[in-house]
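See structure below.
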Amino acid sequence: MKMIEKIGLGLFLIGITIFTVIPFLGTYSLTEDLVLANTKEIHQEKMAEILTPMYGQEYGSNFSFLSAFGENFNTYNDNLKAEQLWDQVIWDDYGFALSKAAASSPVRDNPWLWLGLSIGLAVLGGYLFNFRQYAEEPAGIKNNGIFHSKLKNRGWLGMITGGYLILFYILLYWFPAYLVNLVWMVEPVSRMLSGGPASQWFLYGLVYTLAILVMGVRMFRKYRGNKYQQLRTASVMFFQSAFAFLIPEILVLLNQPYFDFKNIWPLDYDFFYDYQISTFLSGGGMGMFMLIWGIMLIIVGVPVFTYFFGKRWYCSWVCGCGGLAETVGDPFRQLSDKSLKAWKYERWIIHSVLVLAVVMTLVTIVNYFSGFSFLGNVTNQLHSFYGFAIGSAFAGVVGTGFYPFMGNRVWCRFGCPLAAYLGIVQRFKSRFRITTNGGQCISCGNCSTYCEMGIDVRAYAQKGQNIVRSSCVGCGVCSAVCPRGVLKLENGPEENRIIDLPIIIGNDSIKLNA
């Protein structure tokens, strides 16, 4: 490891360490004025009364503060639930808002300093480490020693990395009150972009985007001899930073609805929720454009683009989930399970999620236009279940936290309903395929090893079959790592796209059709 890489790694570790310590800094104290300012008007009087025992107390950590808050708040609600006074129960969770308001810490006093010492150092260190990768080696994809790596082959370092990611996602989705210092750290960035206060989602969006940009540099270095990989990496970096992060924040600054123009239902599962429709309809011309744009992407954009380019146009060039998987997750792509058993699970699980998303959306739309007379509050319960099980636990905790355990496309392969929708179109009505030259295949297995979607590419190549699997995201890495040029990503006529050749010796010798 060169000196500049060692310096980069050191800066990165220092930044991550400070980032991890920040949530534990400072003290917390609550006043009645803070309660009134950070609760809804209908709850202000009651919340001020419930939290009276906390006034004038100073708590040395967010753990003690939230423990006291939960004790008072939950006692009130539990008593009402025991008496079945459901209409008086306060269902809103004010833990995050009140923790953020009550925090007093050096991070809140000097957010730019701590932002630089944590995320800033991590980004700088990551850039220095990645920028010099493969600098003195000839062009070509290097995977030397990958199965001896303690990070990349389920070693102890990979276990720690996965555990850290899982813990971060659990806190982000379900216990954001413990991250208020981190949110205060990015407050000035949020004020600058959107004019509003930062939330845990702004923190996540910023970290997510910077991770893709920094690890995108690694992709440029590793795949510097492959123009397809270079362009694909540049595309996901652009769409994440511009469409997923900057543009939605700027729209809020301009008093327009927050909207990610590249997000498509059913991945954007709350697109047809009643509050979202109301936001679009109350957003004037721009809101109406967003609604029409989203619907046109679903019924026109997905089928048309997938017909001509396969699902790679979205999964490998546009999608933020795919962008993170292809940059941050690239070191773990070889960990995807290639077994037939995994493929069977994959097909059942991902299509079940798609069916669930479709059913939930249909029920939501019917309920909306019937004035919520159809199933009533059941719709909200369905939303909560889907948001918890699929939107949070699967897409977030498992989808990213399991990179070091199951590869970088766990969510895309097993859970993403949009990937299932795109895959159905790609399998049965698309011009895209990966063509194979069976006579040139030497059965080295590189293609199968580095297929992030768990496809046994070598099995197709040996038989000279086109690869038209619905799960294929067209990342092109199988073609890039092939030493013989056996594989090629192509868009061609639908005729003879699906070829069934169980036995083939060479390209034009013995063939046997089933």
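Helix 340-369 and the longest principal axis of the Cα set of the chain meet at an angle near 50°.
Rounded to the nearest 20, the size of the Cβ-charge dipole of the chain about its Cα centre is 3080 debye, with Lys and Arg at +1 and Asp and Glu at -1.
Measuring nothing but protein heavy atoms, the accessible surface of the chain at 1.4 Å probe radius is 64 percent carbon and sulfur. Surface analysis of the stretch 1-116 yields an accessible area of 57 Å² per residue, using protein heavy atoms and a 1.4 Å probe. Solvent-accessible surface of the stretch 147-261, averaged per residue with a 1.4 angstrom probe and all protein chains in place: 43 square angstrom.
Note on L25 and I442: with the Förster distance fixed at 56 Å, the Cβ-Cβ geometry gives a FRET efficiency of about 0.45.
Where both bridge residues fall in the chain, DSSP classifies roughly 90% of the beta bridges as antiparallel.
Rounded to two decimals, the Cα radius of gyration of the stretch 146-227 over 2.2 N^0.38 Å is 1.41. Helix 417-428 and the long axis of the chain differ in direction by around 20°, with both axes built from C-alpha atoms. Helical content of the chain, expressed as a calculated mean residue ellipticity at 222 nm, amounts to -16000 deg cm²/dmol (DSSP H runs of 4 or more residues, -39,500 (n - 2.57) each, divided by residue number, nearest 500). With 0.36 nm allotted per residue and the present C-alpha distance subtracted, the N74-S384 stretch has 109.6 nm of extension available.
Ranked by the mean number of other Cβ atoms within 10 Å per residue, highest first, peptides 401-411, 160-170 order as 401-411, 160-170. Ranked by the mean number of other Cβ atoms within 10 Å of their residues, highest first, the peptides 313-319, 225-231, 239-245 come out as 313-319, 239-245, 225-231.
Rg of the Cα atoms in the stretch 42-127, relative to 2.2 N^0.38 Å, amounts to 1.50. Restricting the GluC sites (Glu not before Pro) of the stretch 56-123 to loop positions (DSSP other than H, G, I, E, B) with no more than 10 neighbouring Cβ atoms within 10 Å leaves E83. Relative contact order of the chain: 13 percent, from C-alpha pairs under 8 Å at least 6 residues apart in sequence. Its Cα gyration tensor gives the stretch 327-437 an equivalent ellipsoid. The semi-axes, each the square root of 5 times an eigenvalue, are 31, 19, 11 Å from largest down.
Remark: spin-label model distance T17-V363 equals 5.0 nm, labels positioned 7 Å along the Cα→Cβ axis. The calculated pair-distance distribution of the chain uses every alpha carbon pair, bins of 20 angstrom beginning at 0, and gives 19, 51, 25, 4, 0 percent. Candidates L422, S118, N226 compared by Cα position along the dipole of the chain: farthest toward the positive end lies N226, with charges placed on Cβ. 3J(HN,Hα) along the stretch 113-128, derived from phi through the Karplus expression 6.51 cos²θ - 1.76 cosθ + 1.60 where θ = phi - 60°, amounts to 4, 6, 4, x, 6, 9, 5, x, 5, 5, 5, 4, x, x, 5, 4 Hz, with x in place of Gly and Pro. Based on the Kirkwood approach, the hydrodynamic radius assigned to the stretch 377-497 is 15.9 Å, with every pair of different Cα atoms included. For the stretch 59-162, the list of chymotrypsin sites (Phe, Trp or Tyr not before Pro) that fall in a loop by DSSP and count at most 11 other C-beta atoms within 10 angstrom reads W91.
Accessible area per residue, 1.4 Å probe, Å², for the stretch 286-367: what's the number? Per residue, the stretch 286-367 has an accessible area of 42 Å². Each principal axis of the Cα cloud of the stretch 53-207 was evaluated for its coordinate range; sorted largest first, these ranges are 72, 35, 29 Å.
The values are calculated or read from the model by the stated rules, or taken from the named source; none is laboratory data. From a predicted model like this one, the values you see are computed outputs, not experimental measurements. Glycine also receives a Cβ, built like all others from the backbone with ideal geometry; neighbour counts cover every protein chain displayed. To get the accessible areas, we keep the full protein, side chains included, count just its heavy atoms, and leave off ligands, DNA and RNA. Shrake-Rupley method; radii C 1.70, N 1.55, O 1.52, S 1.80 Å.
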